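Throughout, read-outs are computed from the coordinates displayed, never taken from laboratory work. Computed from a predicted model, the values in this text were never measured in an experiment. Methodologically, a virtual Cβ is constructed for each residue, glycine included, from the backbone with ideal geometry; neighbour enumeration extends over all protein chains shown.
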């Protein structure tokens with residue numbers, strides 16, 4: 001009697017496919033721009049003092065150098081080095097990627113220090129160059145052994161693909177930046193995008209100078225903005241609640257429009273809000289240790305967060321396209337309010353007081369981030385709507401083609 005044939009051997013296990021990370025590359029670009037901004041702010045007062053831009057390489061040690069400055073320089077470039085390694089994967093990995101992160105950090109820092117030679121309010125330093133390059137090296141060395149695990153088969157990538165749409169990398173970057181956009185104290189909690197009002201209320205700004213030539217009645221219009229100020233504290237609190245609610249609901253809808261239906265939207269948004277409030281409180285405590293870290297959370301702000309969260313719970317049940325449309329409308333209302341309403345007379349602290357402190361340049365960076373965030377979110381939503389329409393047209397053409405072939 002013939003013996004039964006042996007069972008077929010299982011197919012060989014293939015290693016996971018190597019992939020690149022668009023999110024890491026977008027993050028690297030954004031973080032590089034943040035470094036450039038923080039290093040060259042305020043981008044004014046450029047002066048040629050006759051000193052070579054490379055003179056800082058052989059300059060003596062700065063007279064005023066603290067441990068805080070050294071630690072800040074190292075930690076500031078650690079994310080840059082980590083993002084370089086992740087952005088290079090899978091073409092370059094391991095020790096070579098770490099060395100490239102070191103070289104990129106040294107080149108970027110050296111360029112910033114050289115450009116600071118022409119800024120009278122900045123001091124170029126070889127110590128800054130060394131500590132920044134060291135930070136890039138440390139960041140790259142820490143991430144390099146885990147780049148394949150993070151990108152190819154890591155849990156973060158699995159969560160990203162399970163929770164967010166394939167083309168949501170830019171939206172994820174904006175969501176991660178949203179807590180940092182709230183650090184600088186706006187007149188209204190979550191009142192982002194007020195850059196137009198900032199320009200219009202400054203008669204020396206270039207937009208006003210240009211607009212006055214086009215619209216001679218602009219000064220009267222700017223004075224008319226003050227008529228929108230309510231005459232009592234109750235009306236002001238109502239406006240603050242409206243602005244805060246629009247900021248939170250618009251952000252929540254924007255984030256949900258980039259998520260898949262099976263994503264835990266409520267938990268993600270709750271974590272985003274909690275991280276934002278905690279970060280804002282920590283920064284306020286660092287800037288003003290003698291004050292209450294939650295001075296900025298007024299009664300109107302708490303009421304808006306509560307009602308806005310309840311509204312979000314209901315709106316998250318809507319289809320994605322409708323959530324995206326509502327996010328677009330809500331963020332546009334936020335921009336209108338933040339640019340038409342005058343300064344809040346009950347603001348918890350003045351901008352002049354907030355600008356003081358060790359993080360003066362990063363405070364301005366946070367302010368610009370708050371100004372630009374809703375505009376970037378609107379651009380993303382408009383782009384997604386365009387892609388949605390193109391996909392629908394392609395689907396209709398494919399169906400018509402299939403019907404013609406079936407009929408033929």
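List of remarks:
- Point-to-point label distance, residue 32-residue 196, nm (Cα→Cβ direction, 7 Å offset): 3.2 nm
- The label-point distance for residue 321 and residue 20, in a model that sets each label 7 Å from Cα toward Cβ, rounds to 3.2 nm.
- Calculated P(r) tail over 21 Å for segment 22-153, as whole % of Cα pairs: 42 percent
- Fewest-first ranking of 23, 115, using other Cβ atoms within 10 Å as the exposure measure: 115, 23
- If R0 equals 56 Å, the separation of the Cβ atoms of residue 302 and residue 404 corresponds to a calculated FRET efficiency of about 0.40.
- Taking 372, 161 and counting other C-beta atoms within 10 Å, the order from fewest to most: 161, 372
- Pairwise FRET efficiency - residue 278 versus residue 61, Cβ, R0 = 30 Å, nearest 0.05: 0.20
- Between residue 162 and residue 396, the FRET efficiency from the beta-carbon distance, with R0 = 41 Å, is close to 0.90.
- Projecting label points 7 angstrom from Cα along Cα→Cβ for residue 146 and residue 118 puts them 4.1 nm apart.
- Ordering of 77-89, 296-308, 44-56 by burial proxy (mean other Cβ atoms within 10 Å per residue, highest first): 77-89, 296-308, 44-56
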